[in-house]
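Since the structure comes first, as structure tokens, the remarks are kept for the end.
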Amino acid sequence: MSLVYAGVCSHAPGITGRADQADPDVRDRFYASFHQMRADIEASGAEAIIVIAAEHFANFFMNNMPSFAIGMADSYPGPIEDSTWLGIDKFTAPGDRGLSERMITEVSQTVDVSYAEEWKFDHGIAVPLHFLTPKFDTTIIPVNINCQGPPLTPLHRAWAFGEALRRAADSVPEKIAIVGTGGISHWPATPDSGKVNEAWDRDFLDRWCRNDKDALLSYNDAEVYKDAGQGGFEIRTFITVAAAAGGATGVVHFCEPIPIFAVSCTVASYDLAAQ
Amino acid sequence: MSLYFVQKFLFELNRDEGLQERYHADREAVLARYDLTEEEQAALVAPDIGLLFHLGVNGQILMHFAALHQIEWADYLQRMRDGIAEHGPVREGVYAMTGYEGVDVHTDALGQSTDGGSE
């Protein structure tokens, strides 16, 4: 087995871009949890990190919107946003075209996936990498799921995609970590930015930690939009990681609302060793 | 289809520094290449963040347009709220999917206190 780590984290641009406006106590405890996630990934011996993001019209638009896309390049520039606005300097993250190609080839056996030889990271990947690989010295395989432009990727396909990613990770000799990024309930970049639905978040994370496939796939988009906002559509990245974890159960390391970051900031991981 | 081209323009603007320079130099000339209504063109030239949100532009696209115009975060949120108050619910796009009638109605629907979601 070469999947050595599976976890999820928030990626909101305010986490770095509006850091000075947050309550320092809760912010610093959240950052500490992010730093522990970095330590855990390093301790796993991961040689490459699959980052599954719900990107935000940085690379993909409604002229040709893929349900799933995987990067296949030797390097990726970022952030696409203004550096001052995001609070992250311009960087180039290393990729591995050959590793991506092997992964894509295996995933494609069961899930139709688009590949991209050009990919500019937006905050969906750049914010997590700012904490997880601050020197941008770990190989990244970027992955995107359409959580933005309806009709969205169905949840059961996000699950199938996670299973395919697991099979692909296990098919290569490299040690692979998988990290899903996104918010749970939130209304980012709208008049309701800062609002979260804590009860909904707790219930979702309970399903995620139990890795309860039926419960995770029982949501529908209209209900999610009503209870968890358009930001809640990003549960797809969490669900894909759940499937990739192959039945492992999870632990929430941090989950608290930080309104200026527009989301309940979350760090959680699965215990792959217990499988 | 017009909302599509408003968002297509903003998508391309957000990605392309050269297009940003041309937009700053002559907004009307850049926008002439896109299939826009007069209302949409005027909103993009102004720029009128509240009207663009009312028209249905996704906030993940719109927030970068606001940042390009040096509009601070709190002001950006307020302009969207003002746009809904002035023009009414979002007309189309993802926010019109189940209806959106403003912060207060939404807060009530979630059973939360009306702090306005301010930050």
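The values are calculated or read from the model by the stated rules, or taken from the named source; none is laboratory data. This one's a predicted model, so the numbers in the text were calculated from it and none came from an experiment. Heads up, the Cβs are rebuilt from the backbone with ideal geometry, glycines too, and the neighbour counts pull from every protein chain shown. Accessible surface areas use protein heavy atoms only, side chains included; no ligands, DNA or RNA. Shrake-Rupley method; radii C 1.70, N 1.55, O 1.52, S 1.80 Å.
Compactness check for the protein assembly as shown: Cα Rg over 2.2 N^0.38 Å is 0.94. Counting only protein heavy atoms and a probe of 1.4 Å, the accessible surface of chain A is 47% carbon and sulfur. Rg and Dmax of segment B:2-109, both derived from C-alpha coordinates alone, stand at 13.7, 44 Å. Note on segment A:192-233: semi-axes of the ellipsoid equivalent to its C-alpha gyration tensor, largest first and rounded to whole Å, are 19, 12, 6.
Using a 1.4 Å probe on the protein heavy atoms, what percent of the accessible area of chain B belongs to carbon and sulfur?
Accessible surface attributable to carbon and sulfur in chain B totals 46 percent.
Taking R0 as 41 Å, what's the FRET efficiency between B:Glu12 and A:Thr105 from their Cβ-Cβ distance, rounded to 0.05? Here the calculated transfer efficiency is 0.80.
If you take every DSSP beta bridge whose two residues both sit in segment A:3-265, what share of them, in percent to the nearest 5, is antiparallel? Percentage antiparallel, nearest 5: 35.
Of the residues making up segment A:159-208, those losing 50 Å² or more of accessible area when the isolated chain is joined by the remaining protein chains, with a 1.4 Å probe, are A:Ala189, A:Pro191, A:Asp192, A:Ser193, A:Lys195. Looking at segment A:174-229, the accessible area is 33 square angstrom per residue; that uses a 1.4 Å probe and ignores ligands, DNA and RNA. Multiplying each eigenvalue of the alpha-carbon gyration tensor of segment A:148-215 by 5 and taking the square root yields semi-axes of 28, 15, 13 Å, largest first, rounded to whole angstroms. For segment B:2-109, relative contact order (Cα pairs under 8 Å, six or more residues apart, normalised by length) works out to 25 percent. Buried area at the B:A interface is about 3100 square angstrom, summed over both chains, from accessible surfaces computed with a 1.4 angstrom probe.
Ignoring lysines fewer than eight residues from A:Lys195 along the same chain, the ones with Cα atoms less than 23 angstrom from its Cα are A:Lys226.
Per-residue SASA remark: A:Phe57, around 10 Å² accessible (1.4 Å probe; ligands, DNA and RNA not included). The mean number of partner chain beta-carbon atoms within 10 angstrom of a residue's beta-carbon across peptide A:51-59 is 3. With the biggest extent put first, the Cα atoms of segment A:176-275 measure 43, 25, 23 Å across the principal axes. With contributions of -39500 (n - 2.57) from each DSSP H run of at least four residues, the per-residue ellipticity at 222 nm computed over the protein assembly as shown stands at -13000 deg cm²/dmol.
The three principal axes of the Cα atoms in segment A:1-96 give end-to-end lengths of 41, 37, 23 Å, sorted in falling order.
Summed over the residues of segment A:2-118 and divided among them, the accessible surface reaches 40 Å² per residue at a probe radius of 1.4 Å. Each principal axis of segment A:47-195 carries a Cα extent, and these read 44, 36, 26 Å when sorted largest first. Note on A:Lys120: lysines with a C-alpha under 27 Å away, same-chain residues under 8 apart excluded, are A:Lys90, A:Lys135, A:Lys175, B:Lys8.
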